[in-house]
1. When both residues are 6+ apart or on different chains and their Cβ atoms are under 7 Å apart, which pairs have a first residue that lies in the range 104-123 and is farther than 16 Å from LEU74 by Cα, and a second that is part of a helix (DSSP H, G or I)?
2. With the structure loaded, tell me whether VAL122 is crowded, with 20+ Cβ neighbours inside 10 Å and among the β-branched types (Val, Ile, Thr) or whether it fails that test.
3. Looking at GLN39, GLN113, which is the one that is surrounded by fewer than 20 Cβ atoms within 10 Å (Cβ to Cβ) and under 17 Å from VAL165 (Cα atoms)?
4. Quick check on the range 36-45. Is at least one of its residues under 27 Å from LEU146 (Cα atoms) and at pLDDT below 90?
5. Among (1) among the hydroxyl-bearing types (Ser, Thr, Tyr); (2) assigned by TED's automatic domain parsing to the domain that holds ARG155; (3) in contact (Cβ under 8 Å) with a residue 12 or more places away in the chain; (4) not in a loop (DSSP other than H, G, I, E, B), which single condition is SER46 missing?
6. If I filter the range 111-125 for residues that are in contact with a Pro (Cβ under 8 Å, 6 or more places away or on another chain), under 21 Å from ARG180 (Cβ atoms), outside any strand (DSSP E or B) and charged (D, E, K, R), do I get at least one hit?
7. Just give me the residues in the range 129-187 being surrounded by fewer than 22 Cβ atoms within 10 Å (Cβ to Cβ), in a strand (DSSP E or B) and among the β-branched types (Val, Ile, Thr), in sequence order.
8. What do you reckon, is GLY86 surrounded by fewer than 22 Cβ atoms within 10 Å (Cβ to Cβ) and touching a Ser or Thr at 6+ places or on another chain (Cβ under 6 Å)?
Amino acid sequence: MLGDLHDHRRVLAPILRAVAVAVAVADAFPALATDADAQTVRQRFSDVAKAYAPERDARVAVEALEIPLDGRTLAARIYRPVSETGPLPLMVYFHGGGWVIGDLDTHDSLVAQLALDARCAVASVDYRLAPEHPFPAPCDDARDSLIWLAEHRSRLGFATDRLAVGGDSAGAHLSVVAARGANEQVAGLVGLQLLL
């Protein structure tokens, strides 16, 4: 009986912590107007992430990267666990946010934790957002950046035998689109997906 109670507490504890954070966010950040523009919503999302996201783990090294694509350059960050040596497998990651909000900073600690837990390098890509860049711009950015990173794995110091793609929410959708597009060009290029 006590074991069952302990198991319920273990399961409920993270849920209750998430509810407590949601309540704190609601108290600290009043509701936005229903007609708030994209910039206002982005700023709020960024403010909430800065206030409540955990600090990036110091066991992960981060470097900025620019991805030169046809007619545009995308910002990206490369995350590598400092304890790992040699060329690491690469996961290309796309943040969530409904194709309108989110960026490299709002997902920084999450991506760092992925690199640490998976013991791989993670390239977080900052794709163009709507409404300034409507569909299919984010999909094009995801596919093209994935292919560019795959083509430059060796030069960037990544293992060339394993490539994954992942994302959360809208970023998960972009990772599916990117993987399909990349695998249509080079069969089997993307071997794994992480969809959150």
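The values are calculated or read from the model by the stated rules, or taken from the named source; none is laboratory data. What you see is a predicted model; the values in this text were computed from it and never measured. Cβ atoms come from the backbone with ideal geometry, glycine included; neighbour counts cover every protein chain shown.
1. Close Cβ pairs satisfying both conditions: THR106/PHE45; THR106/SER46; THR106/ALA49; ALA121/ALA115.
2. In short, yes.
3. Numbers: GLN39 fails: under 17 Å from VAL165 (Cα atoms).
Only one candidate qualifies: GLN113.
4. Looking for residues that are under 27 Å from LEU146 (Cα atoms) and at pLDDT below 90, one finds none in the range 36-45, hence no.
5. (2)
6. Looking through the range 111-125, none of the residues is in contact with a Pro (Cβ under 8 Å, 6 or more places away or on another chain), under 21 Å from ARG180 (Cβ atoms), outside any strand (DSSP E or B) and charged (D, E, K, R).
7. THR160
8. On the way: surrounded by fewer than 22 Cβ atoms within 10 Å (Cβ to Cβ): yes; touching a Ser or Thr at 6+ places or on another chain (Cβ under 6 Å): no.
In short, no.
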